[in-house]
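Structure record follows, encoded as structure tokens.
No value in this document is a laboratory result; all are computed from the given coordinates. Note that the coordinates shown come from a computational prediction; the quantities given were computed from them, not determined experimentally. Positions of Cβ are backbone-derived with ideal geometry, glycine not excepted, and every protein chain shown enters the neighbour counts.
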Amino acid sequence: MVEVETPLLGGTANRGLVVRVRDTVRRPLRGNSEAIHALLRHLEDVGFEGAPTILGIDGQGREVLSYLPGETVTPPYPAWSMTDAALDSVAALLREYHQAVAGFRPDDFSWSEPVPPAYVEDIVSHNDPNLDNIVFRDGIAVALIDFDLAGPGSVLWDVATAIRLWGPLRPAADIHDARRGRTFARFRRFADSYGLSEADRLRLVEAAADNHVWCMDYVRRGAEAGHPWFHQRWTTGEAALTQRTNHWFTAHADALHHALLA
């Protein structure tokens, strides 16, 4: 019997290549798949339910993961996804992931995209908790997906990534949803909801700015290498937005610090 494959939306690097088959997800293997599979097995072993389970490799050489029912946040963003309750639940999920991954040792594996050395501490961070990489049920974040960029990092780096995307931290004119005008309040709220340490709060603004540079460099290199979706994204506005956002971080660093520490 031919299995029905339903394409799953979202993402850039694997766009059009990720499908659902019954209660499984099939995705292309990558150079870091061994590392990611070991990470997912660790999360399963410690009882963390907020990530897919690795089930094996199918006959087409694709990894087979458990399908996690729920919704991811893709444009046009639904109203519930822009609420403080949704934001709080993302912070809680990220904290639970960090607690679950704490005992995993990454040294024997190859990872795909190293984070800046200043942000490599003692955990494997997800490194891409984007809006479409978190599964929600009833408006509450319940699972992380797409661990392609996971690797040695830190709590600080993951929190900086998450709040940069979920704040979002960018010029107000480039925010076209209900979050516009609430950037600083959401920035503070996420750090509070996560329970970020005082030491990490002092570094969070710099980390978020550095994360933006790191992420956009990844997109730029993908575009230059000829990846069609990265090329489309970079040449249809992302390059200009990157420059505007870099300037925004510089111009608003003091205001971000004040919002976080006042």
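From the phi angles alone, apply the Karplus equation (6.51, -1.76, 1.60; θ = phi - 60°) to region 62-75 and give each ³J(HN,Hα) in whole Hz, x where the residue is Gly or Pro.
9, 6, 10, 10, 5, 8, 9, x, x, 10, 9, 9, 10, x
What are the residues whose amide H is under 5 Å from the amide H of V18, where those residues sit 5 or more places off or on another chain and H is modelled from the backbone?
Answer set, sorted by chain and number: L8.
How much FRET efficiency would the formula 1/(1 + (r/R0)^6) give for D84 and I57, where r is the Cβ-Cβ distance and R0 is 51 Å, rounded to 0.05?
Details: r = 41 Å, r/R0 = 0.81.
Computed FRET efficiency for D84 and I57: 0.80.
Pop out the ³J(HN,Hα) list for region 203-209 in order, Karplus 6.51 cos²θ - 1.76 cosθ + 1.60 with θ = phi - 60°, rounded to Hz; leave Gly and Pro as x.
10, 5, 5, 4, 5, 5, 5
Residues of region 103-118 with amide nitrogen under 20 Å from the 7 Å Cα-to-Cβ point of A225?
109-117
When a footprinting reagent is the concern and you count Cβ atoms within 10 Å, what order do W248, W229 take, fewest first?
Values: W248 21, W229 16.
Fewest-to-most Cβ neighbours within 10 Å comes out as W229, W248.
With only alpha-carbon atoms in the gyration tensor, what are the semi-axes of the equivalent ellipsoid for region 79-261, in Å, largest first?
On the way: eigenvalues 98, 94, 59 Å².
Whole-Å semi-axes of the equivalent ellipsoid: 22, 22, 17.
For a Förster distance of 25 Å, can you work out the FRET efficiency between the beta-carbons of E3 and E71, rounded to the nearest 0.05? Could you put the intermediate results ahead of the total?
Working: r = 24 Å, r/R0 = 0.95.
Between E3 and E71 the formula returns 0.60.
Under 10 °C and 1.306 mPa s, how fast does region 6-66 diffuse according to Stokes-Einstein, given a Kirkwood radius computed over C-alpha pairs? Answer in µm²/s, whole number.
Numbers: Rh = 12.2 Å.
Reported coefficient: 131 µm²/s.
Quick check: the distance between the Cα centres of region 75-136 and region 193-261, to the nearest angstrom?
So the two Cα centres are separated by 16 Å.
Can you tell me the dipole magnitude for the chain around its Cα centre, using point charges on the Cβ only (Lys, Arg +1; Asp, Glu -1), in Debye to the nearest 20? Working shown, then result.
On the way: 25 positive and 35 negative charges, 160 e Å.
With only Lys, Arg, Asp and Glu charged at Cβ, the dipole is about 760 debye.
Sort 132-140, 39-47 by the packing proxy (mean of other Cβ within 10 Å over each peptide's residues), most packed first.
Numbers: 132-140: 17.9, 39-47: 16.0.
Taking the mean over residues of other Cβ atoms within 10 Å, the ranking is 132-140, 39-47.
Restricting attention to region 156-191, which chymotrypsin sites (Phe, Trp or Tyr not before Pro) occupy a DSSP loop and are surrounded by at most 10 other Cβ atoms within 10 Å? Kindly include the intermediate steps, with their values, before the conclusion.
Details: sites: W157, W166, F184, F187, F190; in loops: none.
Within region 156-191, no chymotrypsin sites (Phe, Trp or Tyr not before Pro) qualify (loop, at most 10 other Cβ atoms within 10 Å).
Quick one: what does P(r) look like for region 1-103 with 10 Å bins over all Cα pairs, in whole %?
Percent of Cα pairs in each bin: 13, 38, 37, 12, 1.
Pull out the extension gain between H257 and V120, defined as 0.36 nm times the separation in residues minus the alpha carbon to alpha carbon distance; nm, one decimal. Present the calculation step by step, with values, prior to reporting the outcome.
Numbers: separation 137, 0.36 × 137 = 49.32 nm, distance 2.23 nm.
Here the answer is 47.1 nm.
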